[in-house]
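The values are calculated or read from the model by the stated rules, or taken from the named source; none is laboratory data. Keep in mind that what you see is a predicted model, and the values were worked out from it rather than measured. Quick reminder, even Gly has a Cβ in these numbers, built from the backbone with ideal geometry, and neighbours come from all protein chains shown.
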């Protein structure tokens, strides 16, 4: 044992656990840097992980593969992908999605679910096995989380291996990197020169992460999600990208400047006002290349009006996540976040939106061995 944690050199000799539970944060994507040019990296951008609403999945050894709960069919597909990719053979696993954000609202639910299921499958069937699986990573010492031999975190290599197994990270990789230790993340994007580069295959490259910043612990975020609304995904999203003109190079240049010269330095130095203004400016600019498609969404005007309202109420640091409808509003403290929610409730926003006060996540996905 090393500092109360398993010695990695002995992992192969331990009996594998019978059940595990994985908790992941939610992801907010502030927008892509570029897309549509063969000589420029595509799909890079900025995002941040939030500790609520969480996704929680339990997996236990069973006689066959099965899933229940929220997004059960999707979870089962991810488990089968792990079996095929890692050549696990005739394994059985019962998967329960205990809680999860809604799908296709801008919170990265699909990626977090895929990574959580893959992490559980790896942990249940890798130890003491000859399967073609990467070695499990022991939980490192980490602030805000008591390390025990039952808790595990994930490094970047883990996240990429899990994402490859379940086919995530085809465009944005913010949620993949966020599964590994959370934070505010800037990724560079990857070159897409032809259809083969865009294929979802086991050899595809991932967009590299160029920066990660853990935001101040006192800061909060108010997350608002319009009820009964969903963005586009899957084949509809692929078709939308085909219809969009390439992102103008001058917009990519300005987004890069905002990310590297305003947003990241403000985050590192803990300058809340500068950070908030950079969030809003980046989000507004990143949305422009998508307007031809995003303006067709039924909640588009309501989202724009909400962002204006939040600014009028003293929360300028707000932006839509991905295609929406999720909107985040940055707050300097828990008190400020509470006051903002009270004001929004008094204006009737609670009738049509789910609202939650959340921290900026700093640990990513956590796996715990359970009985």
Next on the checklist: Just checking, does segment 66-75 include any residue being free of Cβ contacts under 8 Å to residues at least 60 places away in the same chain, surrounded by fewer than 18 Cβ atoms within 10 Å (Cβ to Cβ), farther than 23 Å from residue 231 by Cβ and more than 17 Å from the chain's Cα centre (by Cα)?
Outcome noted: yes
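Here is a yes/no grid of residues against (1) in contact (Cβ under 8 Å) with a residue 60 or more places away in the chain; (2) out of contact with any helix residue (DSSP H, G or I) (no Cβ under 6 Å at 6 or more places or on another chain); (3) part of a strand (DSSP E or B):
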| position | (1), (2), (3) |
| --- | --- |
| 240 | no, no, no |
| 245 | yes, yes, no |
| 260 | yes, yes, no |
| 284 | no, yes, no |
| 296 | no, yes, no |
| 304 | no, yes, no |
| 309 | no, yes, no |
| 319 | yes, no, yes |
| 322 | yes, yes, no |
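Checking the structure you have, find out if any residue of segment 116-124 is in a helix (DSSP H, G or I), at pLDDT 50 or above, under 27 Å from residue 225 (Cα atoms) and in contact with a helix residue (DSSP H, G or I) (Cβ under 6 Å, 6 or more places away or on another chain). So that I can check it myself, show each step before the final result.
So in segment 116-124, the residues in a helix (DSSP H, G or I) come out as 116-124.
When the remaining residues are screened for being at pLDDT 50 or above, the result is 116-124.
Imposing the further condition that a residue be under 27 Å from residue 225 (Cα atoms) reduces the set to 116-117.
Now drop any that are not in contact with a helix residue (DSSP H, G or I) (Cβ under 6 Å, 6 or more places away or on another chain), which leaves 117.
Taking every residue of segment 116-124 in turn, at least one turns out to be in a helix (DSSP H, G or I), at pLDDT 50 or above, under 27 Å from residue 225 (Cα atoms) and in contact with a helix residue (DSSP H, G or I) (Cβ under 6 Å, 6 or more places away or on another chain).
Residues that are within 26 Å of residue 257 (Cβ to Cβ) and modelled with pLDDT of 90 or more: list the helices (runs of 4 or more DSSP H) wholly contained in segment 144-214 that include at least 3 such residues. Give the derivation first.
Working: elements: 156-166, 174-179, 195-198.
Once the helices (runs of 4 or more DSSP H) in segment 144-214 are filtered for at least 3 residues that are within 26 Å of residue 257 (Cβ to Cβ) and modelled with pLDDT of 90 or more, what remains is 174-179.
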Item to check | Residue within segment 336-348 that is closer than 27 Å to residue 29 by Cβ, in contact (Cβ under 8 Å) with a residue 40 or more places away in the chain, part of a strand (DSSP E or B) and out of contact with any helix residue (DSSP H, G or I) (no Cβ under 7 Å at 6 or more places or on another chain) present | outcome: no
Checklist entry - What strands (runs of 3 or more DSSP E), lying completely within segment 1-113, carry at least 1 residues that are at pLDDT 95 or above and under 30 Å from residue 276 (Cβ atoms)? => result 19-32, 45-61, 93-99
Checklist entry - Is it true that some residue in segment 266-285 is surrounded by 18 or more Cβ atoms within 10 Å (Cβ to Cβ), at pLDDT below 95 and under 26 Å from residue 35 (Cβ atoms)? => result no
Next on the checklist: Among (1) touching a residue at least 60 places away in the same chain (Cβ under 8 Å); (2) within 20 Å of residue 187 (Cβ to Cβ), there is one condition residue 114 misses while meeting the rest; what is its number?
Outcome noted: (1)
